[in-house]
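Have a look at the structure below before the remarks.
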Amino acid sequence: MKIFLKSVAIIIFIIVLLIVVATQLISTEDIFNQVSTKVEQSTGRTLTVNGEQSLSVFPSLSLALNDVHFSNVEGGSKPDMASISELLIHIPWFSVFSGELAIEKFILNNPNILLEKNIDGTVNWQFSPLAGTEKTTEKSPTNDDKITLPEAFDISLGQVEINGGKLTFINHQSKETKVIDQLNLAVKLPSLRQPLNLSGSVRYMAQVLEIKSSITTPAKAINNQPFSVELDLTSALVKLNYQGKVVQQGKELSGELSVSGDSVKQLLDWQNIALVAKDEAFNKFSFSTNMRFANDKLNLDQLTVNLDALKFKGSTAITLSTPLKITSNIDLGILDLNPYLPEPSLEETPPDDTASQPIIWDDTALDLSALASLNADILIKSTQLLVRDIKLGKNEIAVALNKGIADVQLKSFQGYEGSGSGAIKVNANKKPYQITTKFDLANINAEPLLNDAVGFDKLLGKGQLTWDLSTKGISQRDFIKQLNGHIDINFIDGAVKGVNLAAIAKSASSIMQGNLSAVSLDSDFSNADKTDFAALTGKFKLNNGVANTDNLSLNNPFIRISGTGDINLPETKVNLQIKSKIVASTQGQAAEISDSGVVIPIKITGPFHNIKIRPDVSSGTKDKVKDKVKDKVKDKLKDKLKGLLG
């Protein structure tokens, strides 16, 4: 037993003696030189220490370096890519004697790291190792941008800690600078050929971001070989997850990406982007996709976007070319835009004596050159579209942009009990700009369509609305002055609310028979009244902004209305002549068109802001109507037609 104890004591004494001797034999400068040499061989940059260097034995062999500087790439904006106030290196004992660099712990206190992208596109984090010999280079020729890590070279860092400090990124091309500070990170790197794990937190724009990431094999990343990456980023505003592969040091990426958060408004506010929105809008969001970036093309497949109650899905491809090209196929599902629209302004109703203001077309030159900065091929579908009171069914729109020419195709349209299709083409690659539009809407229910679109609720019926128009110019006034084409309307089995022309027909019949005591034209304009029609048709031909019609027609059993004239859009004037023929026969619509009815001409004239509507009782009418009722018919019809058209 005593021999055993003596043996243990001797061993302990020898170990202590070895440690004491080692501390005397090991030079701090030698250790730093070994580290510095390894760093320069692997990166091509110099590592210098301007402060104190110290070596401690207990509790582990530790090297402390103060005021450490890692040089920047030649031509960088600052001499150092990184500076560290204190660098602590924990080295296993036996690595000192074996000659291999193995580090258990690597601690950086208050590092100041600079990443920059130069005007020519080069970056300072691309290293040029000095490890390969000339012979190795000759035997293994590589591309200039390829880095080869020697098989015998390895680094075991165990755990790297970064405490405090900041990271600055400068993009000299875009003149942008971004700063990440309050670094609190831990990196575990057992070997360059084993997974690298990073965890911790940083602060960016006053938001703390929790980070967890891993790289399968750093050696592959250094050797420009494909490697896998996992990244989890969490903050109070957003969560991001990426799992995928990186090829050619980021020139190619592929994997699954997802982003989610509780408030778009708060996220944009964090980025100093103003957004005024309702409480129920722009809140919870999520985004997920299978992405791939290669050859300057970003593909987003199986794309799913959720925003509040909205859900979009589809695919998108973005090509980083000149001009930028976007190809997309998106299904918007049920698209309710009402939560995202501002509330309509509640304007006070102007007094009746307030004069309407004239319409003045804008002469300001439009700039459509932005259309030439983007090429696109986009298909958008929706199951339902809700915009204020407008409710549409299934719709499909195709948008094509090519060299400044925009082609918008409404492939299918369902709404207001009808359907339709149409197209808009804008040629902006030369001036004057050219615009053509062609639409065909069938079986459309007039009342909800016009009420939703312009608040006009006096027309009932279903029918067809078509137009084929073209124009050119560089301003709003130009487009109005050069408007050419035609507009056709054809509504059946409907009614015009607000006036009962059948009652007028009965009174007119009494007039024709000379029974003046039975005549009553004193009924006021009322929404309770209406004039039924079997057909309301008209064709307008536009020539340089002037719409001319010679076949405006409304027919019902007791009255025929026909109209001709012009609507001058450039000068904002109307000049229409309306003829109201009261059918004399009791057969109504079955009666043959003849001169047996009473015809009352009506003139609609004046500028848009002050239109005048007045009966034009001429000699033709005087032959059929007695002089003593002429003024009464004139005044009452004037009032009723004003109500009908206003």
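The values are calculated or read from the model by the stated rules, or taken from the named source; none is laboratory data. Please read these numbers as outputs of a predicted model, since none were measured by experiment. Note: ideal-geometry Cβ built from the backbone for every residue, glycine included; neighbour counts use all protein chains shown.
Listing for the model above:
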| item | result |
| --- | --- |
| Residue check for Gly314: small (Gly, Ala, Ser), without any contact (Cβ under 8 Å) to a residue 40 or more places away in the chain and over 24 Å from Pro226 (Cβ atoms) | yes |
| Segment 559-573 residues that are of a type in the set (Gly, Ala, Ser), paired with ones that are not in a strand (DSSP E or B) (beta carbon under 9 Å, 6 or more apart) | none |
| Segment 284-317, residues that are in contact with a Lys or Arg (Cβ under 7 Å, 6 or more places away or on another chain) and surrounded by 15 or more Cβ atoms within 10 Å (Cβ to Cβ) | Asn299, Leu303, Asp308, Ala317 |
| Selection status of Arg203, assigned to a loop (DSSP other than H, G, I, E, B) and on the phi < 0 side of the Ramachandran plot | no |
| So Asp362, is it without any contact (Cβ under 8 Å) to a residue 40 or more places away in the chain, over 15 Å from Leu324 (Cβ atoms) and surrounded by fewer than 16 Cβ atoms within 10 Å (Cβ to Cβ) | no |
| Filter pass, Ile84 being modelled with pLDDT under 85 and not aromatic (Phe, Trp, Tyr) | no |
| Residue match in segment 427-437 (condition: part of a strand (DSSP E or B) and modelled with pLDDT under 90) | no |
| Members of segment 220-244 found to be part of a strand (DSSP E or B) and of a type in the set (Gly, Ala, Ser), listed by number | Ser228, Gly244 |
| Out of Ser54, Ser36, sole residue that is polar (S, T, N, Q), at pLDDT 70 or above and in a strand (DSSP E or B) | Ser54 |
| Hits in segment 477-489 (condition: among the acidic types (Asp, Glu) and within 17 Å of Leu366 (Cβ to Cβ)) | Asp478 |
| Failed criterion for Asp457 (all others in (1) in a loop (DSSP other than H, G, I, E, B); (2) out of contact with any Asp or Glu (no Cβ under 8 Å at 6 or more places or on another chain) hold) | (2) |
| Yes/no for Gln271 being touching a helix residue (DSSP H, G or I) at 6+ places or on another chain (Cβ under 7 Å), more than 23 Å from Leu303 (Cα to Cα) and either surrounded by fewer than 16 Cβ atoms within 10 Å (Cβ to Cβ) or touching a residue at least 12 places away in the same chain (Cβ under 8 Å) (or both) | no |
| Matching residues in segment 57-81 - criterion: being of a type in the set (D, E, K, R) and modelled with pLDDT of 90 or more | Asp67, Lys78, Asp80 |
| Residue check for Ser315: among the hydroxyl-bearing types (Ser, Thr, Tyr) and in a strand (DSSP E or B) | yes |
| Residue within segment 444-454 that is within 30 Å of Phe533 (Cα to Cα), outside the structural domain of Leu542 (by TED's automatic domain parsing) and in a strand (DSSP E or B) present | yes |
| Some residue of segment 454-476 being among the basic types (Lys, Arg) and farther than 30 Å from Thr364 by Cα | yes |
| Tally of residues being more than 18 Å from Gly463 (Cα to Cα) and part of a strand (DSSP E or B) across segment 394-419 | 16 |
| Filter result (crowded, with 16+ Cβ neighbours inside 10 Å and in a strand (DSSP E or B)) within segment 164-187 | Lys166, Leu167, Ile170, Ile180, Leu183, Asn184, Leu185, Val187 |
| Among (1) more than 26 Å from Lys411 (Cα to Cα); (2) in a strand (DSSP E or B), the one test that Lys278 misses | (2) |
| Pick from segment 526-556, criterion out of contact with any strand residue (DSSP E or B) (no Cβ under 6 Å at 6 or more places or on another chain) and crowded, with 17+ Cβ neighbours inside 10 Å, ranking: modelled with the lowest pLDDT | Asp529 |
| Which listed residue is of a type in the set (D, E, K, R), under 20 Å from Gly333 (Cβ atoms) and out of contact with any Pro (no Cβ under 9 Å at 6 or more places or on another chain), from Lys284, Lys297, Lys251 | Lys284 |
